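J.: If you scroll down you'll find the structure; I have some questions about it.
Nothing in this text is a laboratory measurement; each read-out follows from the coordinates by a stated rule. Computed from a prediction, not measured in an experiment: that's the story for all the values here. Here the Cβ is made from the backbone with ideal geometry for all residues, glycine too, and neighbour counts use every protein chain on show.
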Amino acid sequence: MRRALALAAATPLLYACASTPAVQGSYTLDRGPVSYDVLKAATDKCKAEGGVIQLKSGYDERELSNYQCRIGGGK
């Protein structure tokens, strides 16, 4: 009985850990078309936070939300 209660209590914690991104603090950019000025501003903001802008693998480079700011191991 105790094992069942312990497992039931731990299950939400396991799901929370599984959904946590591998790179803490990384985020996807806002929606909209990419322009030089918008991408430059996003790059500067990301760089100030210690990250780098990367295009998600296999995505179209013309949509801003297809880019992400990877912080902490973003190469």
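J.: May I ask you to sort VAL34, VAL52 by Cβ crowding, counting other Cβ atoms within 10 Å and putting the fewest first?
T.: Ascending Cβ contact count within 10 Å gives the list VAL52, VAL34.
J.: Taking loop as defined by DSSP and a crowding limit of 16 other beta carbons within 10 Å, which GluC sites (Glu not before Pro) in the range 28-74 fit?
T.: Passing both the DSSP loop test and the Cβ count: GLU49, GLU61.
J.: Contact order normalised by length for the range 23-75, with contacts defined as Cα pairs under 8 Å and 6 or more residues apart; what percent is it?
T.: Normalised by residue count, the contact order of the range 23-75 is 52 percent.
J.: Turning to a different aspect of this structure: Obtain the nm distance between the two label points defined at LYS40 and GLU63 by a simple spin-label model: each point lies 7 Å from its Cα along the Cα-to-C-beta direction.
T.: 2.6
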